[in-house]
Amino acid sequence: MLELIAVGAIFTAVYLISCWFHPYRVCKACEGSGRSLSTTFKGAWGDCRSCKGTGRKIRFGAYVLGRTGGA
């Protein structure tokens, strides 16, 4: 049981370190393009509502660490 806790702690530490250096992930809604295609007009597009046109979303671990400043 102690080994399982140690492995979990190591995994969590590595994940948080990764989130510190790489706080963003690709937006799943627009697949990183930052664009949202219109369902009414063919060829029309606008900024993705989910990521506000950046193509990036904050990772959960980065949010926990407080790395939420500016996209």
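The values are calculated or read from the model by the stated rules, or taken from the named source; none is laboratory data. What you are looking at is a predicted structure, and each value in this text was computed from that prediction instead of being measured. Methodologically, a virtual Cβ is constructed for each residue, glycine included, from the backbone with ideal geometry; neighbour enumeration extends over all protein chains shown. The protein model used for the area step is the full one, side chains on, heavy atoms only, and it has no ligands, DNA or RNA in it. Shrake-Rupley method; radii C 1.70, N 1.55, O 1.52, S 1.80 Å.
Restricting the first member to region 1-25 and to residues that are closer than 22 Å to Lys52 by Cα and touching a residue at least 12 places away in the same chain (Cβ under 8 Å), and the second to residues that are open to solvent by less than 50 Å² (accessible area, probe 1.4 Å) and not basic (Lys, Arg), the beta-carbon pairs closer than 6 Å and six or more apart or on different chains are Cys19/Gly61; Cys19/Ala62; Pro23/Ala62. One residue stands out among those in region 1-29 that are more than 16 Å from Tyr63 (Cβ to Cβ) and open to solvent by less than 80 Å² (accessible area, probe 1.4 Å): the one that is farthest from the chain's Cα centre (by Cα), which is Ala6.
Search region 40-59 for residues being in contact with a Lys or Arg (Cβ under 9 Å, 6 or more places away or on another chain) and not in a strand (DSSP E or B), and hand back the single one that is surrounded by the fewest Cβ atoms within 10 Å (Cβ to Cβ).
Among those residues, the one meeting the criterion is Ser50.
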